[in-house]
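Report on one structure; see the data block that follows.
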Amino acid sequence: MTKKENNVRVAVIQAASIFMDSEASTEKAVSLTMQAGEKGAKIVVFPEAFIPGYPRGFSFGTKVGSRAPEGRKDWLRYWENSILVPSETTDRLGEAARDAGVYLIIGVIERDNESSGGTVFCTVLFFGPDGTLLGKHRKLKPTGAERLIWGEGDGSTLPVFDTPYGKIGALICWENYMPLARAAMYAKGVQLYIAPTADAKDTWQLSIRHIALEGRCFVLSCNQYFTKDMYPTDLACYDELETFPDEMCMGGSAIVGPLGDYVKEPVFGKEDILIADLDLRDIAYSQFDFDVVGHYARPDVFKLIVNEEKKENIEWENKGYSNSK
């Protein structure tokens, strides 16, 4: 059984990717992880799609019924800067987690390495303080135009990890608006609920506070701060950014306690490292009058079935082939 600690220092990294550059984004993540470790953090969280970036403002040349060659060029660049899991990139991130002595949770764009390799996923990777890649979560449902570029994960990547600082799991951005996905995480006992996002709107703040209150958990919400001048100007569809403001994403990273109150108020308008010391006993304190999967549950009335089986397109029978790796 994992020895439990009552207190933990966490770091939420509000920073911009080096867009379309996986190597540079990785090195920035390594540097910031080390800085957070030097501040005493034991858990370090990065935003959605940090490596190699969230392509805000781009259509990749797509209209209903057509795709432009320029958009395909940008897509290819994005694909080439996605990462394989595992790979040298994940090794580098694991080394950073080990050197800093932290649990590292980071958003990446993951290239499928199990079939054609033509699909990429919005993924969160989890690393232990010994550098081990503990696992991953693939976003179940990309939102809106994200579906142009990202595939859908399945129930096989919905992990919650038991650590000395409580159980850690993640849902990405608007996955957090899926009530049944949240219910699954609560049922797994999540205590440090990681919510990497690209949403800087006021309504997101309402959502993370509700999730903390509903789940009686700490919510660590992490977004990028990103300005238009951070985009490479040689993108084929760069002119699509013309009508967008200079401040493309304002940030809004925050840390919320299990009664829905801010432990760390949202930060806007700059890159920052949010540091907070959490007392994990606050979770039990908050559950006195509400435990969403305990004394406030009604399993005699409501039932959720979660399919955690990995989905395969093809199953071979009696052909001498195998779809297992």
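None of the figures in this text is laboratory data; all of them are computed from the coordinates on show. Please read all numbers here as calculations on a predicted model, not as lab measurements. Positions of Cβ are backbone-derived with ideal geometry, glycine not excepted, and every protein chain shown enters the neighbour counts.
Data for the structure
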{"item": "Computed over the range 200-324: relative contact order in percent, which uses C-alpha pairs under 8 Å that are six or more apart", "result": "24"}
{"item": "Of the DSSP H helices in the chain, those whose Cα atoms cover at least 15 Å axially and whose Kyte score averages -0.5 or more", "result": "22-38, 202-215"}
{"item": "Mean Cβ neighbour count within 10 Å, used as a protection proxy, ranking 40-52, 277-289, 2-14, 301-313 highest first", "result": "40-52, 2-14, 277-289, 301-313"}
{"item": "GNM top mover of 247, 23, 114 - the chain, alpha-carbon springs below 10 Å", "result": "114"}
{"item": "All lysines inside 22 Å of residue 73 as judged from Cα atoms, apart from same-chain residues fewer than 8 positions distant", "result": "63, 228"}
{"item": "Within the chain: Cβ-based charge dipole about Cα centre, in debye rounded to nearest 20 (Lys, Arg +1; Asp, Glu -1)", "result": "700"}
{"item": "Length-normalised contact order for the range 122-258 - Cα pairs under 8 Å, 6+ apart - percent", "result": "18"}
{"item": "The range 166-215 and the range 260-307: distance between their alpha carbon centers, rounded to Å", "result": "8"}
{"item": "Helix-only [θ]222 nm of the chain, DSSP H runs n ≥ 4, -39500 (n - 2.57) each, per residue, nearest 500", "result": "-7000 deg cm²/dmol"}
{"item": "Spherically averaged projected area of the range 230-325 from its Cα convex hull (nm²)", "result": "15.0"}
{"item": "Rh (Kirkwood; distinct C-alpha pairs) - the chain, Å", "result": "20.3"}
{"item": "Descending Cα extents along the principal axes, the range 157-220, whole Å", "result": "33, 20, 19"}
{"item": "Residues whose placed amide H lies under 5 Å from that of residue 83, excluding near-sequence neighbours", "result": "109, 110, 111"}
